[in-house]
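Reviewing the structure listed below.
The values are calculated or read from the model by the stated rules, or taken from the named source; none is laboratory data. Values in this document were obtained by computation on a predicted structure and should not be read as measured data. Virtual Cβ from ideal backbone geometry, glycine too; neighbours counted across all protein chains shown.
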Amino acid sequence: MIQGSPVPRPPSWLTARLATAPAPVFVAVAVAAAFSTYFAMYAFRKPFAAATFEGQFFLGTHVALKTAIVISQILGYALSKYIGIKVCSEVTPAKRARLLIGLVLWAQAALILYGFLPDNWKVVAIFLNGLPLGMIWGLVVWYLEGRRTSELLLAGLSLSFIIASGVVKDFGRALMAGTVAGWWNAVPLIGPAIGSALGRVSEGWMPAIAGFHFLPIFLASVWLLNQLPRPSDADVAARVEREPMQGADRLAFVRQFAFGLTFLCVAYFFLTAYRDYRDNYQVEILDGLGYPYKTNKTVISQAESIVTFGVMAVLAMLNVVKDNRRGLLCAFGIMAGGVALLGVSTALLQAGWLNGFWWMTLTGLGSYLAYVPYGSVLFDRLIASTRVVGTAVFAIYLADAIGYTGSVGVQLYKDLIAGASSRLAFFIQFTWFMSALGLVCLLASALYFARRTRKG
């Protein structure tokens, strides 16, 4: 050992047990830890979208107040992805848990500020809220990638944000309706600011109160996640060792696969915008389809639960594909099938053969089948099949940074250029566009990587 170097801490009893546990036990614990960590994080990110701020516009412009708030959070989240290209690629194992906790505490502090600020100034607070949250995904993926069971682990993690988005928005609506016990009225400063003897929470304070409910779950989940052992020698042999990537390593990766990555990023630019639009305006779209949120209080959770288990079932099947090149091509097949489903389901809706609820469910399933692999199995298999030493987290964050930039652009396009279209009409048009463009880009990228990867 080099003189003066830190002495490695011995693994905890739980880490040691998990290192020798049967695969099903390890998978169950790892999925539970990752799922609950990211699920709880969503309570700091998405409840605000349950508020409508109906009839309010930002600073007297034609931009709806909710649109301005949504865009502001996405701007913070997108900037977080650009920061995460460096931070999440370089972070060492010893710092991951502390960074996870610090980022969420920052996000919660921003939500408290959001509650205090006047409506037009809430855009500042929600920007500060999005700024740390974009790095959470990459830090969690670090614990799961590069293992023989990574498909199962990453599929389990991906379940979290699909189902959490609907659940935390339904929870936010319950807070505003006064159906959740109003313990927060006893909290100094915050209770008097809310000022509701009936337990109802205003649209402005609802996100912070939702965050307080989920903070203990997040802290416990991060602790459990941090007990997971590093990938074993057998994992490394099968999936390549995963190491932090410095600037030169990241540049070399982009240069090596520039053509295929370009098509992937173009598709993801619009796919992220599509998923975000559907997610942020789900209440309004369902209302336009004849499912008003005031009388259908759990309709979002119902649709997203079906989507969740559909995506989980499909992605989990990739774990049986041991050959990395074949697994990569299967991931491309799943993604192409997802964007094709967008077009098919929309054709069925317009022909009158599908009702609004099932169309929203199928657009969710199709978009997530295409979207989820970007943040999980696609780049994990790409690293494994090309034998590049590095981390899938870098490629994930490169795509994410570009994707959330697209999300901001589409939000602005809707209100400033396509303002005459309803949320529903715009979403239908966007669905057709996403289906056609996604198929072209994904098939082109799949053909490229089929030539650049090898079996194994």
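Would you please name the residue that is surrounded by the most Cβ atoms within 10 Å (Cβ to Cβ), looking only at residues in segment 312-343 that are among the aliphatic types (A, V, I, L, M) and modelled with pLDDT under 85?
Start the filter on segment 312-343 by keeping residues that are among the aliphatic types (A, V, I, L, M), which leaves 312-318, 320-321, 328-329, 331, 334-336, 339-342.
If we keep only those that are modelled with pLDDT under 85 as well, we get 312-313, 315-318, 320-321.
On the way: MET312: 19, ALA313: 10, LEU315: 25, ALA316: 16, MET317: 14, LEU318: 23, VAL320: 9, VAL321: 16.
So the residue we want is LEU315.
Output the number of residues of segment 38-54 satisfying the condition of being within 18 Å of ARG278 (Cα to Cα), touching a Gly at 6+ places or on another chain (Cβ under 8 Å) and of a type in the set (Phe, Trp, Tyr).
So the answer is 1.
Just one of (1) surrounded by fewer than 20 Cβ atoms within 10 Å (Cβ to Cβ); (2) of a type outside the set (Lys, Arg); (3) at pLDDT below 85; (4) more than 28 Å from ILE85 (Cβ to Cβ) trips up ILE300, so point out which.
(1)
Mind telling me which of the residues LEU100, LEU75 ends up being over 26 Å from VAL283 (Cβ atoms), among the aliphatic types (A, V, I, L, M) and either surrounded by 14 or more Cβ atoms within 10 Å (Cβ to Cβ) or touching a residue at least 60 places away in the same chain (Cβ under 8 Å) (or both)? Quick ask: steps written out before the conclusion?
On the way: LEU75 fails: over 26 Å from VAL283 (Cβ atoms).
From the options LEU100, LEU75, the qualifying one is LEU100.
Take GLY55 and tell me if it is within 22 Å of MET206 (Cα to Cα), small (Gly, Ala, Ser) and assigned to a helix (DSSP H, G or I). Please lay out each step first, then the result.
Values: within 22 Å of MET206 (Cα to Cα): yes; small (Gly, Ala, Ser): yes; assigned to a helix (DSSP H, G or I): no.
No: the conditions fail for GLY55.
Looking at THR15, THR37, can you tell me which residue is assigned to a helix (DSSP H, G or I), among the polar types (S, T, N, Q) and surrounded by fewer than 17 Cβ atoms within 10 Å (Cβ to Cβ)? Full working, then the answer.
Details: THR37 fails: surrounded by fewer than 17 Cβ atoms within 10 Å (Cβ to Cβ).
On inspection, the qualifying residue turns out to be THR15.
Which condition does THR431 not pass, out of (1) in contact with a Ser or Thr (Cβ under 8 Å, 6 or more places away or on another chain); (2) on the phi < 0 side of the Ramachandran plot; (3) at pLDDT below 90, if it passes all the others?
Status for THR431: all satisfied but (3).
Could you run through segment 73-125 and say how many residues are outside any loop (DSSP other than H, G, I, E, B), of a type in the set (Val, Ile, Thr) and more than 17 Å from PRO47 (Cβ to Cβ)? Quick ask: steps written out before the conclusion?
Pass one, segment 73-125, residues outside any loop (DSSP other than H, G, I, E, B): 73-90, 93-116, 119-125.
Within this subset, residues satisfying the condition of being of a type in the set (Val, Ile, Thr) are 74, 83, 85, 87, 101, 104, 112, 123-124.
From what's left, more than 17 Å from PRO47 (Cβ to Cβ): 83, 85, 87, 101, 124.
Of the residues in that region, 5 qualify.
In segment 369-404, how many residues are closer than 14 Å to PHE257 by Cα and among the aromatic types (Phe, Trp, Tyr)?
The number of residues fulfilling the criteria is 2.
Is it the case that segment 358-370 has a residue that's touching a helix residue (DSSP H, G or I) at 6+ places or on another chain (Cβ under 7 Å), in a helix (DSSP H, G or I), farther than 26 Å from PRO292 by Cα and among the small types (Gly, Ala, Ser)?
At the first step, the residues of segment 358-370 found to be touching a helix residue (DSSP H, G or I) at 6+ places or on another chain (Cβ under 7 Å) are 359-370.
With the extra rule that they be in a helix (DSSP H, G or I), the set shrinks to 359-370.
Cutting the leftovers down to farther than 26 Å from PRO292 by Cα gives us 369-370.
Of the ones still in play, those that are also among the small types (Gly, Ala, Ser) are 370.
Within segment 358-370, one or more residues are touching a helix residue (DSSP H, G or I) at 6+ places or on another chain (Cβ under 7 Å), in a helix (DSSP H, G or I), farther than 26 Å from PRO292 by Cα and among the small types (Gly, Ala, Ser).
Every residue, every condition in (1) within 22 Å of the chain's Cα centre (by Cα); (2) part of a helix (DSSP H, G or I), yes or no:
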{"site": "ALA401", "(1), (2)": "yes, yes"}
{"site": "ALA418", "(1), (2)": "no, no"}
{"site": "GLN429", "(1), (2)": "no, yes"}
{"site": "ALA444", "(1), (2)": "no, yes"}
{"site": "ARG451", "(1), (2)": "no, yes"}
